[in-house]
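As structure tokens, the structure follows; a few thoughts come after it.
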Amino acid sequence: MSDIWNKLQENHSAADGRTIISLFDDPERFDRFSVETDGLLLDFSKTGIDRAALDLLQDLADDRGVAGKRDAMFRGERINRSEDRAVLHTALRASGSEPLIVDGEDVRPGIRETLRAMENFADGIRSGRIPAAKGGAFTDVVNIGIGGSDLGPVMAVRALSPYHNGPRCHFVSNVDGAQISDTLQKLDPRSTLVIIASKTFTTIETMTNAETAISWLKNALGSKAVSHLAAVSTALDKTAGMGISPERVFGFADWVGGRYSLWGPVGLPIMLAIGPAEFRNFLAGARAMDTHFLTAPADRNMPLLMGLVGIWHRNICRYPTRAILPYDQRLAKLPAYLQQLDMESNGKRVSNRGTPLERSSGPVVWGEAGTNGQHAFYQLLHQGTEIIPAELLVAAGSHEPSLRDHHDLLKANCLAQSEALMLGRSPEQALEMAAALGYTGEEQRVQAAYRTFPGNRPSMTLAYPLLTPFSLGQIIALYEHRVFVEGAIWGINSFDQWGVELGKELASALVPMIKGAPAEDKDLSTQALIRKLSV
């Protein structure tokens, strides 16, 4: 394997000074460096990868056994080694009746049964067949969760707003009382359903917010407040202790990680907002990407190619971050969602064997919707000292045909940014511009320096016909599998998150100290901060 890494590095070094635009001397470059499936197009031709580098990257994927690891995941093998679990979020959106055996049990019937129960409940809430305690239909839903129990549903619900035809959905995640206060004060408890999403019903932020919401319901509804509760949890004893009916509790197995869970019960708010039929279209989009990932040849396999581009940028070019830039306002929460998906999955420093990694793993993932980001941080993308690969997403059409001029301008901005990142503006062009503006002498040189763009900055573009439940499912599944590919090449476990634990443990111990308990065992800085924050 080290030989392939060395050859990749040699390819990169040999191309020093070569521009991305020069690679388009190959008239077939776009065709070779883009791939399409079910209407979704990935263009990675505006990167510095040439044909030789792409061949080497595919050799690297073969050497690291990516295809075999992929197949093992879909078969339900225990690829999450640190927790000795299968990884089967893909099963939540699968179709067909072929058995999928985990621990000697076919899990498919249970998945279908849970989906039917979700649909029955969602139909009941949406139609008014399941009424609020004091009559009438529920008008609002508050989903209380955090991490994967929040980021996925809130992102998808916002993304699919043109398909909303059910109760209004609201989301509370932060333990900061400001969020739940601001959310509940706008709602009527007599027509609000509260969903508590916590697999174990022990997540401290979620349960603290749940207690506040339950008190709010009880103040208005008394003993009937429980009829305004539902849960996404496997802790049936704890949900029963709250009085939540088993028919309103939707669980999922330990082979579905939190950040991969919006395809099942965690996605209940999505189903409530858009309805069971469109939710099934959402699952179908993800399933189509699963099928593509499993069956497409390596040189036309979108998740594999996207992952290989990520490896090139992170390990060969040594770029420490990647920017997610959706030119789609309804995908404004996608960067935050992908931040968790990627950084919690691949933010690891040891391998599956428990040994230190030889190379850098996951990059910092961040971003903002275009065109807002253009007026915020694109200055750094274009003229900063660090190169940041950009990933732009854009739809051909919009849900607002009467505002076509808006969407045409949006698309033009998206394409202009990818072009500008690649081409830049040469010192000679900048000098001509400064001269045209009337600058002379040394001031002309200085003004030209301000206006020079180095260019040669890589980007990928993900284009789709329209943001629909199907295309959103495709996009999310694509990024899930991209994370898998990169993790497989790095040899890490992308499906645990031990790094989350230490801070949670320390926070629990600090709560009494914040309230006045002795803190002598803490470091002097922490002690001083406790005193400063005590009120």
Original post:
Within the bounds of the stretch 475-498, is there any residue that is of a type outside the set (Phe, Trp, Tyr), within 27 Å of residue 397 (Cα to Cα) and in contact with a strand residue (DSSP E or B) (Cβ under 9 Å, 6 or more places away or on another chain)?
Top reply: yes
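From the list 167, 162, which residue is touching a His at 6+ places or on another chain (Cβ under 7 Å), within 25 Å of residue 466 (Cα to Cα) and of a type outside the set (Val, Ile, Thr)? Steps first, please.
Numbers: 167 fails: touching a His at 6+ places or on another chain (Cβ under 7 Å).
Only one candidate qualifies: 162.
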Subject >> Residue check, residue 178 crowded, with 23+ Cβ neighbours inside 10 Å and assigned to a helix (DSSP H, G or I) >> reply: no
**OP:** Kindly establish whether residue 117 is surrounded by fewer than 20 Cβ atoms within 10 Å (Cβ to Cβ), hydrophobic (A, V, I, L, M, F, W, C) and touching a strand residue (DSSP E or B) at 6+ places or on another chain (Cβ under 9 Å).
**Re:** yes
Original post:
Checking residue 502 against (1) within 30 Å of residue 61 (Cα to Cα); (2) modelled with pLDDT under 95, which single condition isn't satisfied?
Top reply: (1)
Original post:
When the stretch 399-445 is examined, which residues are found to be farther than 24 Å from residue 330 by Cβ, touching a residue at least 24 places away in the same chain (Cβ under 8 Å) and part of a loop (DSSP other than H, G, I, E, B)?
Top reply: 424, 426
**OP:** Please work out if residue 354 is closer than 19 Å to residue 257 by Cβ and assigned to a loop (DSSP other than H, G, I, E, B).
**Re:** no
**OP:** Could you look through the stretch 356-385, keep only residues that are polar (S, T, N, Q) and touching a strand residue (DSSP E or B) at 6+ places or on another chain (Cβ under 8 Å), and pick out the one that is farthest from residue 313 (Cα to Cα)?
**Re:** 371
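Return the only residue of 164, 89 being within 30 Å of residue 70 (Cα to Cα) and at pLDDT 95 or above. Working first, answer last.
Working: 164 fails: within 30 Å of residue 70 (Cα to Cα).
From the options 164, 89, the qualifying one is 89.
Residues that are assigned to a loop (DSSP other than H, G, I, E, B), of a type in the set (Ser, Thr, Tyr), surrounded by 13 or more Cβ atoms within 10 Å (Cβ to Cβ) and touching a residue at least 12 places away in the same chain (Cβ under 8 Å): does the stretch 20-43 have at least one?
Going residue by residue through the stretch 20-43, those that are assigned to a loop (DSSP other than H, G, I, E, B) are 20, 26-28, 33, 38-39.
With of a type in the set (Ser, Thr, Tyr) added as a condition, the list becomes none.
No, that holds for no residue.
So is residue 55 farther than 30 Å from residue 101 by Cα and either in the same structural domain as residue 293 (by TED's automatic domain parsing) or in contact with a helix residue (DSSP H, G or I) (Cβ under 7 Å, 6 or more places away or on another chain) (or both) or not?
On the way: farther than 30 Å from residue 101 by Cα: yes; either in the same structural domain as residue 293 (by TED's automatic domain parsing) or in contact with a helix residue (DSSP H, G or I) (Cβ under 7 Å, 6 or more places away or on another chain) (or both): yes.
Here the answer is yes, as residue 55 does meet what is asked.
Results for (1) within 22 Å of residue 276 (Cβ to Cβ); (2) crowded, with 20+ Cβ neighbours inside 10 Å; (3) in contact with a strand residue (DSSP E or B) (Cβ under 6 Å, 6 or more places away or on another chain), shown as yes or no for each residue.
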site	(1), (2), (3)
152	yes, yes, no
161	yes, no, no
190	no, no, no
194	yes, yes, yes
202	no, no, no
214	no, no, no
219	no, no, no
225	no, yes, no
Subject >> Qualifying position, being in contact with a Pro (Cβ under 7 Å, 6 or more places away or on another chain), farther than 30 Å from residue 291 by Cβ and either part of a helix (DSSP H, G or I) or not aliphatic (A, V, I, L, M) (or both), among 448, 528, 507 >> reply: 448
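If you go through the stretch 287-320, how many residues are among the aromatic types (Phe, Trp, Tyr) and surrounded by fewer than 22 Cβ atoms within 10 Å (Cβ to Cβ)?
From the stretch 287-320, those among the aromatic types (Phe, Trp, Tyr) are 293, 312, 319; that's our starting set.
Retained after the next criterion (residues that are surrounded by fewer than 22 Cβ atoms within 10 Å (Cβ to Cβ)): 319.
Qualifying residue count for the region: 1.
The values are calculated or read from the model by the stated rules, or taken from the named source; none is laboratory data. Everything quoted here is computed from the prediction, not taken from an experiment. Neighbour counts are summed over all protein chains in view; Cβ atoms, including those assigned to glycine, are modelled from backbone coordinates with ideal geometry.
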